[in-house]
1. For labels at B:Asn314 and B:Leu128 in the simple 7 Å Cα→Cβ model, what's the distance in nm?
2. Using the C-alpha atoms of segment B:77-156, what convex hull volume per residue, in cubic angstrom, is computed?
3. Measure out, as a whole number of angstrom, how far apart the alpha-carbon centroids of segment A:39-88 and segment B:1-72 sit.
4. Write down the Kirkwood hydrodynamic radius of segment B:6-206, to one decimal in angstroms, obtained as one divided by the mean of 1/r over all alpha carbon pairs.
5. Grab segment B:6-206 and count how many Lys pairs have their alpha-carbon atoms under 27 Å apart, sequence gap of 8 or more, or different chains.
6. Express in nm, to one decimal, how much length is gained between B:Ser521 and B:Asp344 on full extension, taking 0.36 nm for each residue of separation and deducting their alpha carbon distance.
7. Which of B:Asn145, B:Trp232, B:Ser79 sits closest to the plus end of the dipole of chain B, meaning its Cα is farthest towards the positive end, when Lys and Arg get +1 and Asp and Glu get -1 on the C-beta?
8. Of B:Lys211/B:Lys334; B:Lys212/B:Lys334; B:Lys513/B:Lys539; B:Lys404/B:Lys447; B:Lys517/B:Lys539; B:Lys212/B:Lys532, which pairs sit farther than 20 Å apart, going by alpha carbon to alpha carbon?
Amino acid sequence: MASKQQITDAIYNAIDEVNAAQGSENQIAKDPKAILFGQGGKLDSLGLLTFVLQVEQRIQSAGHPSFTLTDEKAMADTATAFRTVDSLSDYIVSRL
Amino acid sequence: MDIKNIHCLLIADHTIDQLGAILKSSDDAPVVKATIAHFDQVQQILMNPALSCWKEGANAALVWTRPERAIDAFRRILSRERVTQEDLLAEVDEFASLILRASDRVEAVFVPLWTMPAWWRGTGGLELKSRPGAIGAVRALMLMNARLAEKLESNSKIHLLDASRWMASAGRNATNPKLWLMTKALYSLEVFKDAAADIKAILRGIAGLSKKLIVLDLDDTLWGGVVGENGWEGVALGGHDPVGESFADFQRALKGLKNTGVILAIVSKNDEKTAVSAIRENPEMVLKDSDFAGWRINWLDKATNIKELAEELNLGHDSIIFIDDNPAERARVKESLPLVTVPDWPADKMLYTQALHALRLFDRPSVTDEDMGRTDMYVAERQRTEAKSSSVSMEDWLASLQLKVTYEPLGPGNIKRAAQLFNKTNQMNLTTRRLTEAELLAWGQEKNHAMYAYRVADRFGDYGLTGIASVEVNNGEATVTDFLLSCRVMGRGVEKGMLTTLLDFAKKLGAKKTTAKYIESKRNKPCHDYFKDESGLPKNDAATEFWWTHDQDFPTPSHITLVQGDGSAVAEPTLAGS
């Protein structure tokens, strides 16, 4: 099972990827407290889904091929689970 | 096309917003303002110039479609319905005609070729076959792309893009079925990044900003090892050794670039005699000494040597790239010559060829005969310089060249090269106007306008089309609108030959006086110096206006033969090697 730090690194890696399409004013910080979704977040709906799929791919490649962040449960938990980098890391740990 | 003001309309049948965001990024020049056209309205948008998306100032467009959406016959092929090749290609022709029609509204159109998602494999090998009434999907896709390329080829504003390479580069992450189903985004960010980089490379090429000169080190750059210590027999090059083969591959890739007009030169810390004999005598050398426009092989500072070479070849520092395996030499050149591009270079020699191909610095909208033979021209220039040093005086040297200047109107035979020259010449350029092929042709055809292309040849060979000048006459007053000449032929009196043709035209149309107004740019001081000091034209106090009154004939230099051509034939320079 991946550690929380490994999961956070995977999230940071995905942040690097999506930042390319975020514009200089909307860059997401690689910080546990960085807001991903909701008030103060910098991702629009397309950006959030792209980001979620990037994280999902990385977790799958790290030895969890059936892991998903786009099922009904994850979508229902979006507001809390995807709020910050740290909350997303915790959520992924809980789902693995 | 104004490289600082590019506005691209993105027309697609899949979500493409993220490509727009990446194009806007300033990490890679130029910054491209992007507007996303209405989703999945491709045909309607291409057909209808009255739609608002065409009225928001876009000067470029991207048309990126899914094959099954753009071509209904292909959708039917995927559904295993019976479709003939004729029906399929007729639809492709129709789609191509829509793109051609839309190209009138902008200065550049980008069209990624059709691809299928990497995960799609259909029925395997059967997809490559055809039988009466049925075509395999992969075979159909190849036919469609080839036909599209053929139909769009004649329009120089349209740039096809190899989307399959972006897909291959992104690998299994190129497409994600979930991303498509949830957002209608067909491609991943990796694909969009590659696409944006290719589009920007082409835009730089259109603007004449592609690199013209590659300056290369020798030891551990063109061959493995130190020739001064091991002799040419002891360096790694070619043969049956992976490192030797990688250097031969790298040389082949460089030779390929040279054959499209990129100039090669050497700057190396070595003994010149040893290094040159290695180039000439090592049978494994792919690059011969005649492939290099010049070299500085000595123990001096490389930055100084590059600066000297740039002056010798008449090239600006921003058109140079320096490749050296040694990080210290790269750092020194980066620091001393900030305009020279110095790419990080892999420590692993087997990755050199890949690194060269990844540079995206040599894109150009077209390759002319002059491009293909450019290095030959520099070699001939060396011979001219030798003749110059053996001549008694400047007049003797000019007379010995037997210069012939042919002037001709713009037409199908010369417009491609003329537009290229028009948009990239900086130094000898009176006004630095930038116009597309169509705009150039239209301007030259207007009443009371003359626009000539000039071909220059001398006893050493043909320089090809190297000058353009234009004049317009209104109410007895003529104005020189453009006056530009390649640096390759500056300072030989060709300029006066060009002035003669313009002044003759103006006089014939009844002009009493012809004026040339100098518009300063960052790089056209040589043009100002010429008009001020050598043209023989009277000037105002600020030396910004120069004129000739037609009560007297302008003195044509006696060492030049002026010949009028009709511009109908595609002239091939004798030095072009094609």
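1. About 5.1 nm separates the two model spin labels.
2. Numbers: hull volume 7.9 nm³, N = 80.
With only Cα atoms used, segment B:77-156 gives 98 Å³ per residue.
3. Measuring centre to centre over Cα atoms gives 29 Å.
4. Numbers: mean 1/r = 0.0577 Å⁻¹.
About 17.3 Å for segment B:6-206.
5. Close lysine pairs found across segment B:6-206: 23.
6. Numbers: separation 177, 0.36 × 177 = 63.72 nm, distance 3.18 nm.
Extra length from B:Ser521 to B:Asp344 when fully extended: 60.5 nm.
7. B:Ser79
8. On the way: B:Lys211/B:Lys334 16 Å; B:Lys212/B:Lys334 18 Å; B:Lys513/B:Lys539 13 Å; B:Lys404/B:Lys447 29 Å; B:Lys517/B:Lys539 10 Å; B:Lys212/B:Lys532 29 Å.
The answer is B:Lys404/B:Lys447; B:Lys212/B:Lys532.
A short reminder: the numbers here are calculations on the coordinates, not readings from a lab. Just so it is clear, the model here is predicted, and its values are computed rather than measured. With ideal geometry, Cβ positions are generated from the backbone for all residues, glycine too; neighbour counts draw on all protein chains shown.
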